[in-house]
Structure formats: structure tokens, C-alpha cells
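*Asks:* Can you keep this structure in mind? I'll have questions shortly.
The values are calculated or read from the model by the stated rules, or taken from the named source; none is laboratory data. Please read these numbers as outputs of a predicted model, since none were measured by experiment. Reconstructed Cβ throughout: ideal geometry from the backbone, glycine too, with neighbour counts over all protein chains shown. The protein model used for the area step is the full one, side chains on, heavy atoms only, and it has no ligands, DNA or RNA in it. Shrake-Rupley method; radii C 1.70, N 1.55, O 1.52, S 1.80 Å.
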Amino acid sequence: MRKSFLAILILAALSCEKKQDKSPVVSTDNLKRSNERTDTKPEAFSKEVALKKTNDELLQTLKVGYYDVFANYIHPEKGVRFSMYAFVNRNEDKHFSKTDLEKYLPTKTIFTWGSRDGSGEIYKATLEQYLKNWVFKKDFTKSEYAFDKFLGNGNSLNNLKEIYPNTNFTENYIPGSEKYSGMDWNALRFVFEEFEGKYYVIAVINDEWTI
């Protein structure tokens, strides 16, 4: 009887192990819609750990569409800049303060975000549409993660370090498929600065292969 019981336990353990997803996935189970952001004070964590935590929280808000929660991570003084591609253009990229982002989120106001690579078509969308369809065009909660390191490298100019010197950034990278020889990769980067003991995002940069 005892041997039979042990055998059942072993089989149950093996069954659970097979069902486990070994790919890194950012969980959204514990995300709650709130006006409060999760505390990521530097003294509570190392910088790298704190920014990984903040990076994952940002991905969670984007995945479930809690853009009002996303707003709580915007730098209180510098706001946030959105870049469609790796090249950051201070004159053309859209920039929002936390107040402006909260103001325009529920509206149908159309913004011009930049030119699509290849076609040159001007990309126009509401703020909510841009966050949903461009910033989070792929499920980056299932991406590869890097701290202060570029995983996605295309043929477009990447000037992040020149525009944001002495800052830290995270990258969420989804490799391309065999079908397109890996050229359909996508990356989402967050640039951070510390303010009054917390880390805030000052730039959201998408990157992909460009012509």
C-alpha cells in the first residue's frame, strides 16, 4: 500500500513538471487597477532588480490596457517621449506629461506619430490606439529581457545613449521567425531616471528591422 501511494505521488509530480511553461512570462495575475504604483525605491532593491521589476509592471499595464496605471510611471517633471523606431527624434517624437497623457487617453484626438518605414506613410492614431497597436504590437510579456543592453540590432540609427546619456534602459526583445529569416523581430525599450527615490520612465522606444 505504501509503495502504491509513493508511486502515485511520483506520477503526480512528473505530470506537474511537464505542464510547466519554461519560457519567461510576465504574470498579470496580481495586477490591479489602481491610482497607486508599486513602490520601487532604490534603497529597497539594487538598481538592476528595481528596474526589472518596474519594466515588468509597465508591460503588465500595457498588456491589459490599464493605461491610467501606466501614467503613474511617467517622470513627474520630464514626462515621457514615444519613438516609433530606434532613432529618437526630439523634434518630431510625441512627448506627454503625466497630466497630458491622462487628459488625452479617453479622447478621440488624433496625433501624428511619425512616418512608417518603407512606405513613408504618416502614422496617425489616438493615444490609446498608439499604445495598443504600436507600442504593444507584440506580447512583450513573453520576450527576452536585457538591462542596459541592446538585443535587437537593425539597420536604423540607434541614438538612445546619445539622447539619454547617464540613464538606464531595459529592452524586451522578441526574435524574428525562420519564415522571414529573423528579420521580423521586435523590441520595446524603456528609459528610466530616478526622481525622489523612485524610478520613472522618460522614453518608450520601439525598434524593428527597417529598410
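*Asks:* Modelled with pLDDT under 95 and in contact with an Asp or Glu (Cβ under 9 Å, 6 or more places away or on another chain), is that true of G154?
*Replies:* Working: modelled with pLDDT under 95: yes; in contact with an Asp or Glu (Cβ under 9 Å, 6 or more places away or on another chain): yes.
When the stated conditions are applied, G154 passes them.
*Asks:* Given (1) charged (D, E, K, R); (2) in a strand (DSSP E or B); (3) more than 16 Å from H75 (Cα to Cα); (4) open to solvent by 10 Å² or more (accessible area, probe 1.4 Å), where does E194 come up short, assuming only one miss?
*Replies:* Failed condition: (3).
*Asks:* Return the only residue of T141, T112 being polar (S, T, N, Q), out of contact with any Pro (no Cβ under 8 Å at 6 or more places or on another chain), modelled with pLDDT of 95 or more and over 30 Å from S181 (Cα atoms).
*Replies:* T112
*Asks:* Kindly indicate whether Y123 is closer than 24 Å to K47 by Cα and modelled with pLDDT of 95 or more. Spell out how you get there, then give the answer.
*Replies:* On the way: closer than 24 Å to K47 by Cα: no; modelled with pLDDT of 95 or more: yes.
So Y123 does not fit the description; no.
*Asks:* Follow-up. Give me a count of the residues in the stretch 144-182 that are on the phi > 0 side of the Ramachandran plot and in a strand (DSSP E or B). Break it down stepwise before answering.
*Replies:* Filtering the stretch 144-182 down to residues on the phi > 0 side of the Ramachandran plot leaves 148, 166, 181-182.
So of that shortlist, the ones also in a strand (DSSP E or B) come out as none.
Qualifying residue count for the region: 0.
*Asks:* Something else: Any residue at all in the stretch 168-176 that's surrounded by fewer than 16 Cβ atoms within 10 Å (Cβ to Cβ) and either among the acidic types (D, E) or under 20 Å from E92 (Cβ atoms) (or both)?
*Replies:* Our first condition is that a residue be surrounded by fewer than 16 Cβ atoms within 10 Å (Cβ to Cβ); within the stretch 168-176, this holds for 175-176.
From what's left, either among the acidic types (D, E) or under 20 Å from E92 (Cβ atoms) (or both): none.
Checking the stretch 168-176: not a single residue is surrounded by fewer than 16 Cβ atoms within 10 Å (Cβ to Cβ) and either among the acidic types (D, E) or under 20 Å from E92 (Cβ atoms) (or both).
*Asks:* Taking the stretch 112-154 as the region of interest, how many residues are open to solvent by 30 Å² or more (accessible area, probe 1.4 Å) and among the hydrophobic types (A, V, I, L, M, F, W, C)?
*Replies:* Of all residues in the stretch 112-154, those open to solvent by 30 Å² or more (accessible area, probe 1.4 Å) come to 112, 115-122, 124, 128-129, 132-133, 137-139, 142, 144-145, 147-151, 153-154.
Within this subset, residues satisfying the condition of being among the hydrophobic types (A, V, I, L, M, F, W, C) are 122, 147, 150-151.
Within the stretch 112-154, residues that are open to solvent by 30 Å² or more (accessible area, probe 1.4 Å) and among the hydrophobic types (A, V, I, L, M, F, W, C) number 4.
*Asks:* Could you list, in sequence order, the residues of the stretch 135-150 that are in contact with a Ser or Thr (Cβ under 9 Å, 6 or more places away or on another chain) and in contact (Cβ under 8 Å) with a residue 24 or more places away in the chain?
*Replies:* Hits for the stretch 135-150 are T141, K142, Y145, A146, F147.
*Asks:* Does the stretch 115-134 include one or more residues that are in a helix (DSSP H, G or I), free of Cβ contacts under 8 Å to residues at least 12 places away in the same chain, over 23 Å from K63 (Cβ atoms) and out of contact with any Gly (no Cβ under 9 Å at 6 or more places or on another chain)?
*Replies:* The first filter runs over the stretch 115-134 and keeps only residues in a helix (DSSP H, G or I), leaving 127-134.
Pick out the ones that are also free of Cβ contacts under 8 Å to residues at least 12 places away in the same chain and you get 129, 133.
Next, from what is left, pick out any that are over 23 Å from K63 (Cβ atoms): none.
There is no residue in the stretch 115-134 that is in a helix (DSSP H, G or I), free of Cβ contacts under 8 Å to residues at least 12 places away in the same chain, over 23 Å from K63 (Cβ atoms) and out of contact with any Gly (no Cβ under 9 Å at 6 or more places or on another chain).
*Asks:* Mind checking which residues of the stretch 152-188 are under 18 Å from E48 (Cβ atoms) and acidic (D, E)?
*Replies:* E171
*Asks:* Within the stretch 77-110, track down each residue that is farther than 23 Å from W209 by Cβ, open to solvent by less than 40 Å² (accessible area, probe 1.4 Å) and in contact with a Lys or Arg (Cβ under 6 Å, 6 or more places away or on another chain).
*Replies:* none
*Asks:* Additional query: Of all residues in the stretch 67-76, which are open to solvent by less than 60 Å² (accessible area, probe 1.4 Å) and out of contact with any Ser or Thr (no Cβ under 8 Å at 6 or more places or on another chain)? Can you show your working first?
*Replies:* Going through the stretch 67-76, the residues open to solvent by less than 60 Å² (accessible area, probe 1.4 Å) turn out to be 67-75.
Hits for the stretch 67-76 are D68, A71, N72, H75.
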